[in-house]
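Reviewing the structure listed below.
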Amino acid sequence: MSILPQLITNGIIAGAIYALIALGLGLLYGILRFVNLAHGEMAMAGAFLFYFFAIQKGLPWSVSAILAIAGVVVIGLIVERCTFRPLRKANSTTNLVTSLGVSFLLQSIVMMIFGPNIRTYEIGQRVSKSYSIWDGAIHITPNQIAIMVITMVILSSLYIFLKYTRLGKAIRAVADNREVAAILGIHPNKIIMIVFGISSAIAAIAGILIANEQNLYPTMGFLLVIKAFTAVIIGGLGNITAGVIGGFLLGIIENLAIGITIAGVSIPTSFRDGVAFLILILILIWKPTGLLNKKTEGSRV
Amino acid sequence: MLTIAALLLSACVNSTPTTTTETEGGESDTITIGAVMPLTGDAAAYGTPLQRVADLTVEEINANGGINGKKLAIKWENGECNAKSASTAGQKLIEIDKVEVILGGVCSSETLALAPIAEAAHVVVLSTASSNPSITNAGDYIFRDYPSDASQGELDANAALAAGYTKAVVLSEQTDYALGVKDVFVEKFTAGGGEATVETYSSETTDFKTALLKLQAVGADLLVTVAQTPAKYGVILKQMQDMGWKPKQIIVSEVAGADTALFVEYKDFMEGMWSADFSYDGVYEPFANLMTKYKETYGEDLPYKGFSATTYDAVYVLAEALTAVGNDGEKVKDYLYGVKDRVGAVGKLSFDENGDLVGGYSQVVAKDGAWVKVE
């Protein structure tokens, strides 16, 4: 039996995870013009808040998810108000380093509350609910399907929102040129707050889904953001669709690279990240603006 | 400054013959051995109970006549679970207290730091808890009655070959511990006519699907997994379950074998899996008495039965050596190499040509949510 169908499926699942994080990261980059390294911690916070409500407090999963998303939005808004807004006029390097600080701070807080151990959403004996497709050529779980579907749903709603709604147009205007947008009566700080709220909510959803797939621990966010950042650069900075496509490409290439055996030789799994960053370097040399970006400036969101 | 002083001191001692110690212990009615264990810090969680076990054991030995009528005593030093403190402690014991035998360390870094100092001074070191494979070749005078991580790989390979497996797939984490176990397994398994396909992953990995898929495609009946922490097994087992793969036999490392938490979620899935375990054998009565005495004296159950059992045995073996050959590092060393099938708290104790414990781990199998010893 060929493992190729399952390999591609694994790639798409991994890609969807990268894409989910890349979406929020790309959205934030578009409007803030720096890479918010604390974005992964928003996902981590979502995963832990869900753990707190659903597992520790025993609330229904739907209620827990809503509470966790709301909680992360609040955290996101506090972070924006207390750290990034005072630095609005600072250059992007200052903001990047600040976001790294925020990332470590959130990690430490979660570690203080929950401890460094790996946790899981499983309760009692685990029974796999995976589906077998094509006589077992592909195995996939409902959660993996949810990751893929939700990524696509969020991407398309975000696309429609940004393109066709008044608020979406205002966000694009601020992304394009903050000063001109302000002159036209759009309040940049308000818009940035809204974008932070949206990206935090997406991160929380991503965090819960990813933790359900790979378990949760305080440092999960940083590893996620590194891969998502790679995806964003591969696709093209400042373009959310490109980030998502970059994520899927990265996931599929990575899994094919380590999964395919040619003449008895294959790349070991431990080189997986090496493959990812090799792709990144090649893209940066060959197409520094990313695969899908035609322009470096303009159309940022 | 301190380092220089220590160097000068050690240079002085190396040039003096070590047989001059009779002035110290010769006419006295006490034989003193040294001990280096972590007595403060995180690792004191091991060090403190082991210190109590050793002291209770010494009490027991002295109550039964001591060493040829002389009392046995332990001079304690704090190794703090690090190389720096352990080497200072070792220098002090050897040069000032003139001990010929050191019990400890507990942490591998302590034992590895003691090794060169003790080796140069012809002082025996007997560790009761350090598992790092590099201790095997740390020196002639360096012994341990706790198994090397590598011995686990040998146990797994022998069990697999004995059960008739000829083709194995191996999934190993990239850490010193896991790679050590994996290397020995592959070496012994292939030497016994088996064929092994290996896949390694970095410690940051959370997605094992493709690694597992590659191994599944090999079509072997045996899967050997060596992870550093039980938490990694939580993810590996989950993803195996989701991809519907359970080869005929799965071996998990001692890390999972010492932990029953995994059974909470994977009791059914883990049924029949093999692992390795090393602890008190549960039958040696004198150690059971010591456990009772520990509880009476300290008001709590004896923790870390594995390390405590090896410490208990170690103090006894050293006492027997001192009784037989006297307080002389070189003679004690020769005595220890001759120890064969000594019955104690962890079963039969023999040292191999490297001063390592022969055998050690026993094979356990997951049965209805518990690890059961395989006879």
- Task: Please verify whether segment A:54-72 includes one or more residues that are touching a strand residue (DSSP E or B) at 6+ places or on another chain (Cβ under 9 Å) and closer than 22 Å to A:I150 by Cα.
- Result: no
- Query: Of the residues in segment B:224-240, how many are more than 14 Å from B:T205 (Cβ to Cβ) and modelled with pLDDT under 90?
  - Reply: 1
- Query: Which residue pairs have Cβ atoms under 6 Å apart, sit 6 or more places apart or on different chains, and have a first residue in segment A:108-134 that is away from chain B (no Cβ under 13 Å) and within 17 Å of A:N215 (Cα to Cα) and a second that is part of a loop (DSSP other than H, G, I, E, B) and not aromatic (F, W, Y)?
  - Reply: A:V110/A:P218; A:M111/A:P218
- Note on the structure: Here the residues within segment A:252-270 that are at the interface with chain B (Cβ under 9 Å from one of its Cβ atoms), over 22 Å from the mean Cα position of the chain (by Cα) and of a type outside the set (A, V, I, L, M) are A:G259, A:T261, A:S266, A:P268, A:T269, A:S270
- Apart from one, (1) out of contact with any Asp or Glu (no Cβ under 6 Å at 6 or more places or on another chain); (2) away from chain A (no Cβ under 11 Å); (3) surrounded by fewer than 22 Cβ atoms within 10 Å (Cβ to Cβ); (4) not aliphatic (A, V, I, L, M) all hold for B:T229; the odd one out is (2)
- Query: Can you pull out the residues in segment B:246-258 that are at pLDDT below 90 and either small (G, A, S) or within 19 Å of B:T206 (Cβ to Cβ) (or both)?
  - Reply: B:S253, B:V255, B:A256, B:G257, B:A258
- Message: Just to check your reading of the model, which residue among A:G58, A:G101, A:G26, A:G15 is within 14 Å of chain B (Cβ to nearest Cβ) and among the small types (G, A, S)?
- Response: A:G15
- Task: Please verify whether segment A:197-204 includes one or more residues that are among the hydroxyl-bearing types (S, T, Y), away from every other protein chain (no Cβ under 14 Å), crowded, with 19+ Cβ neighbours inside 10 Å and in contact (Cβ under 8 Å) with a residue 24 or more places away in the chain.
- Result: yes
- Message: Between B:G139, B:G90, which is in a loop (DSSP other than H, G, I, E, B) and either out of contact with any Gly (no Cβ under 7 Å at 6 or more places or on another chain) or of a type in the set (A, V, I, L, M) (or both)?
- Response: B:G139
- In segment B:234-257, residues that are more than 10 Å from chain A (Cβ to nearest Cβ) and in contact (Cβ under 8 Å) with a residue 24 or more places away in the chain total 12
- Could you tell me which residue of segment A:21-53 is surrounded by the fewest Cβ atoms within 10 Å (Cβ to Cβ), considering only residues that are among the aromatic types (F, W, Y) and over 23 Å from A:S157 (Cα atoms)? A:F52
- Message: Filter segment B:308-346 down to the residues that are within 14 Å of the chain's Cα centre (by Cα) and surrounded by fewer than 23 Cβ atoms within 10 Å (Cβ to Cβ) and list them by number.
- Response: none
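Table: residues versus (1) without any contact (Cβ under 8 Å) to a residue 60 or more places away in the chain; (2) farther than 26 Å from B:Y177 by Cα.
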site	(1), (2)
B:G79	yes, no
B:N82	yes, no
B:I94	no, yes
B:D97	no, yes
B:E100	no, yes
B:E110	no, no
B:A115	yes, no
B:E119	yes, no
- Message: Being of a type outside the set (F, W, Y) and either at pLDDT 95 or above or buried (at least 21 other Cβ atoms within 10 Å of the Cβ) (or both): is that true of B:A83 here?
- Response: no
- Message: Tell me whether segment A:9-20 contains one or more residues that are surrounded by fewer than 21 Cβ atoms within 10 Å (Cβ to Cβ) and in a helix (DSSP H, G or I).
- Response: yes
- Item | Which listed residue, of A:L249, A:L237, A:L282, is more than 28 Å from A:G46 (Cα to Cα), away from chain B (no Cβ under 14 Å) and not in a strand (DSSP E or B) | A:L282
- Note on the structure: Filtering segment A:136-188 down to residues that are touching a residue at least 24 places away in the same chain (Cβ under 8 Å), more than 23 Å from the chain's Cα centre (by Cα) and surrounded by fewer than 16 Cβ atoms within 10 Å (Cβ to Cβ) yields A:G136, A:A137
- Members of segment B:192-209 that are facing chain A (nearest Cβ under 10 Å) and part of a loop (DSSP other than H, G, I, E, B): B:S202, B:S203, B:E204, B:T205, B:T206, B:D207, B:F208
- Message: Conditions first: (1) buried (at least 24 other Cβ atoms within 10 Å of the Cβ); (2) in contact with a strand residue (DSSP E or B) (Cβ under 9 Å, 6 or more places away or on another chain). A:N215 passes all but one, so which condition is the exception?
- Response: (1)
- Applying the selection to segment A:208-218, what residues are part of a loop (DSSP other than H, G, I, E, B) and within 9 Å of chain B (Cβ to nearest Cβ)? A:N215, A:Y217
- Confirm whether B:V170 is within 14 Å of chain A (Cβ to nearest Cβ), buried (at least 20 other Cβ atoms within 10 Å of the Cβ) and assigned to a strand (DSSP E or B). yes
- Task: Pull up segment B:34-84, narrow it to residues that are more than 12 Å from B:V106 (Cβ to Cβ) and small (G, A, S), then point me to the one that is nearest to the chain's Cα centre (by Cα).
- Result: B:A83
- Residue selected from segment B:261-285 under the condition away from chain A (no Cβ under 14 Å) and exposed (fewer than 15 other Cβ atoms within 10 Å of the Cβ), by the criterion nearest to the chain's Cα centre (by Cα): B:G282
- Given the structure, is B:D221 surrounded by fewer than 22 Cβ atoms within 10 Å (Cβ to Cβ), at the interface with chain A (Cβ under 7 Å from one of its Cβ atoms), over 21 Å from B:G369 (Cβ atoms) and among the charged types (D, E, K, R)? no
- Is segment A:108-131 home to any residue that is buried (at least 16 other Cβ atoms within 10 Å of the Cβ), aliphatic (A, V, I, L, M) and not in a loop (DSSP other than H, G, I, E, B)? yes
- Task: Please go through segment B:338-356 and pick out each residue that is among the hydrophobic types (A, V, I, L, M, F, W, C), outside any strand (DSSP E or B) and free of Cβ contacts under 8 Å to residues at least 60 places away in the same chain.
- Result: B:V339
- Task: Could you please let me know if A:G76 is under 22 Å from A:I191 (Cβ atoms) and more than 14 Å from chain B (Cβ to nearest Cβ)?
- Result: yes
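The values are calculated or read from the model by the stated rules, or taken from the named source; none is laboratory data. The shown structure was predicted, so the numbers you read here are calculated from the model rather than taken from an experiment. Reconstructed Cβ throughout: ideal geometry from the backbone, glycine too, with neighbour counts over all protein chains shown.
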